[in-house]
1. Subtracting the Cα-Cα distance from 0.36 nm times the residue separation, let me have the gained length for residue 124 to residue 104 in nm, one decimal.
2. How much net charge surrounds residue 133 when only the other residues with a Cβ under 11 Å from the Cβ of residue 133 are counted, with Lys and Arg +1 and Asp and Glu -1?
3. Please give the net charge around residue 107, taking every other residue with its beta carbon less than 13 angstrom from that of residue 107, where Lys and Arg add +1 and Asp and Glu add -1.
4. Treat the chain as a sphere of radius equal to its Kirkwood radius over Cα pairs and apply Stokes-Einstein at 20 °C in a medium of 1.002 mPa s; give the translational diffusion coefficient in µm²/s, rounded to a whole number.
5. So, R0 is 41 Å and r is the distance between the beta-carbons of residue 54 and residue 210; what FRET efficiency does that work out to, to 0.05?
6. Considering only DSSP beta bridges whose two residues both sit in region 2-210, what percent are antiparallel, to the nearest 5?
7. Run the simple label-point estimate for residue 41 and residue 202 please: 7 Å along Cα→C-beta, distance reported in nm.
8. Just how far, in whole angstrom, is region 47-78 from region 4-26 if you go by their alpha carbon centroids?
Amino acid sequence: MRIILFGPPGAGKGTQARRLERNRGLEQIATGDIIRTAMKNETPVGLEAKSYVEKGELVPDEVVRKLAENAIAERGLDDFILDGYPRTTQQAEWLTEFEEKNEAPIHACISLQVPDDVIVDRLSKRRVHRQTGTTYHLDHNPPPEDVDADMIIQRDDDRPATVRNRLNVYREETQPLEDYYEGRGLLVRVDGTGDIKDVYQRINGVLDDLA
Ligand code: AP5
Ligand code: MG
């Protein structure tokens with residue numbers, strides 16, 4: 001099954017994608033994670049992306065297109081979840097071309113609906129494991145006590161001013177893609193509020209109906 005997991009920053013795309021990967025054998029392809037790894041390793045892509053990510057801006061389309069298409073090709077065309085791709089109309093059009101060229105159509109674009117006040121809470125209290133990338137929330141999903149506290153960090157782009165910009169960029173450049181996928185008959189809106197397990201059950205139900 002080929003799924004797009006869509007939604008604003010902090011909607012829970014990564015949290016849910018990792019659960020779906022564990023439970024349904026779908027491979028998570030998260031362009032944000034790929035970009036952060038490239039930044040950490042100071043690769044040419046990472047060095048180019050850094051200034052955009054730190055300001056909460058989108059990395060140029062051509063750069064992300066290559067990262068996403070290479071990642072799909074590496075993991076196989078059959079069972080994946082796109083987490084954070086596509087994010088612009090140009091990226092969505094390229095993905096449609098990619099689907100057609102490879103005869104690998106997307107089955108659904110699941111859009112997590114979460115209001116801004118919840119997003120700000122989630123991002124301000126998000127913490128990440130420096131090595132594994134595991135994501136926590138200080139209240140709802142705290143790091144286990146046996147995890148070394150020095151390994152738990154806050155993402156640079158989770159500072160309040162950057163979060164505000166990421167939300168603006170989402171509204172202007174990314175949210176319009178809901179119309180694009182609605183037009184293709186693929187959009188499914190899912191309530192992204194409430195407990196992580198409840199959100200998971202809602203998404204799981206949608207995927208069961210598609211299977
Ligand atoms: P990316 O890493 O994709 O960031 P994002 O879309 O802003 O989304 P986040 O990862 O912040 O949130 P999420 O929805 O994954 O939420 P999470 O599960 O962590 O991209 C980063 C940057 O890379 C971009 O700004 C851009 O510069 C660049 N980039 C990436 N892709 C690009 C593209 N296609 N084009 C151009 N540039 C691109 O959850 C958030 C928190 O909430 C966590 O603490 C979690 O524990 C908690 N939480 C989750 N669900 C719940 C729940 N139900 N209840 C309570 N807490 C919850
Ligand atoms: Mg994420």
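1. On the way: separation 20, 0.36 × 20 = 7.20 nm, distance 3.73 nm.
Here the answer is 3.5 nm.
2. Net of charged neighbours comes to +4.
3. Counting the neighbours of residue 107, the net charge comes to -2.
4. 122 µm²/s
5. Using R0 = 41 Å, I get an efficiency of 0.65.
6. Working: 6 of 23 bridges.
Within region 2-210, antiparallel bridges account for around 25 percent of the total.
7. 3.6 nm
8. Here the two parts' Cα centres lie 17 Å apart.
Taken together, the values in this text are just the output of simple stated rules run on the coordinates, not laboratory data. Because the structure is predicted, anything quoted here is derived from the model rather than measured. Virtual Cβ from ideal backbone geometry, glycine too; neighbours counted across all protein chains shown.
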